[in-house]
């Protein structure tokens with residue numbers, strides 16, 4: 001008999017997870033905290049200029065470092081900016097993007113088809129609708145695309161690199177690191193934007209930060225404090241029903 005996936009979130013009530021079993025064994029407070037972080041987190045596309053205190057950034061990095069990795073290799077290394085260093089990177093990226101072709105260290109998707117294309121389009125529609133940008137307004141759409149390279153005015157960016165010799169699995173581990181970083185930021189009252197767009201100009205990032213030849217750029221993460229009054233931060237993306245992303249196998 002094929003098991004049925006749950007149709008909604010669990011409702012744990014236990015305060016003694018060490019002695020209970022099944023659903024009742026779930027730590028209710030921990031479950032609610034994680035669910036809230038996952039639900040409330042979003043990609044911030046407009047930041048306030050306020051820098052994040054060093055001690056808060058340090059705690060963010062400490063939490064992110066707890067990310068699991070294959071054989072505990074921890075292949076990530078982060079180049080992190082603040083103050084004038086963030087502005088210098090912004091300026092250099094904008095100058096390069098306007099005059100040079102993309103040069104990612106890892107191939108970008110060849111194409112988006114089917115459900116992937118539809119989800120991507122839905123995200124784009126919600127983004128442009130939040131800003132009042134029409135479908136035919138190519139100039140405004142290009143301006144919004146270039147906001148990626150202005151880091152959405154964030155006071156900080158973290159550029160995540162991996163060891164080239166570890167191949168795709170090193171990059172997978174770095175993806176896990178980015179996910180942990182985003183949740184850690186959320187737990188600290190920070191906003192963040194994971195940015196594959198920055199990796200499209202990996203050659204610039206490697207040169208700018210002096211990245212050793214044996215390492216590859218995976219992605220960037222702009223972070224800081226969200227500008228909650230900006231309309232671009234008002235929209236949210238949907239998620240597929242997990243039953244459509246799962247195939248159960250049993251007796």
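Summary of computed values
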{"item": "Segment 140-220: C-alpha gyration tensor shape, a/c 1.5 cut-off, then a/b vs b/c", "result": "oblate"}
{"item": "Highest-MSF residue in the chain out of 114, 210, 167 [GNM, Cα springs under 10 Å]", "result": "114"}
{"item": "Rh (Kirkwood; distinct C-alpha pairs) - the chain, Å", "result": "20.3 Å"}
{"item": "Exposure proxy order (Cβ contacts within 10 Å, fewest to most) of 106, 152, 223", "result": "106, 152, 223"}
{"item": "Nearest-ten-degree value, helix 84-97 long axis tilted from longest Cα axis of the chain", "result": "70 degrees"}
{"item": "Projected label distance in nm at residue 85 and residue 244, using a 7 Å step from Cα toward the beta-carbon", "result": "4.3 nm"}
{"item": "Segment 130-251: relative contact order as a whole-number percent, Cα under 8 Å and 6+ apart", "result": "34 percent"}
{"item": "Folded to 0 to 90 degrees: helix 28-40 orientation relative to the chain principal axis, Cα", "result": "30 degrees"}
{"item": "Highest-MSF residue in the chain out of 112, 42, 225 [GNM, Cα springs under 10 Å]", "result": "112"}
{"item": "Among 142, 190, 89: highest mean-square fluctuation, GNM of the chain, C-alpha pairs under 10 Å", "result": "142"}
{"item": "Three-way shape call for segment 58-109 based on the alpha-carbon gyration tensor, with the a/c threshold at 1.5", "result": "oblate"}
{"item": "Relative contact order %, the chain, counting alpha carbon pairs below 8 Å whose residues are six or more apart", "result": "32 percent"}
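Every read-out reported here was derived from the displayed coordinates using simple, explicitly stated rules and does not represent laboratory data. From a predicted model like this one, the values you see are computed outputs, not experimental measurements. Neighbour counts run over all protein chains shown; Cβ positions are idealised from the backbone, glycine included.
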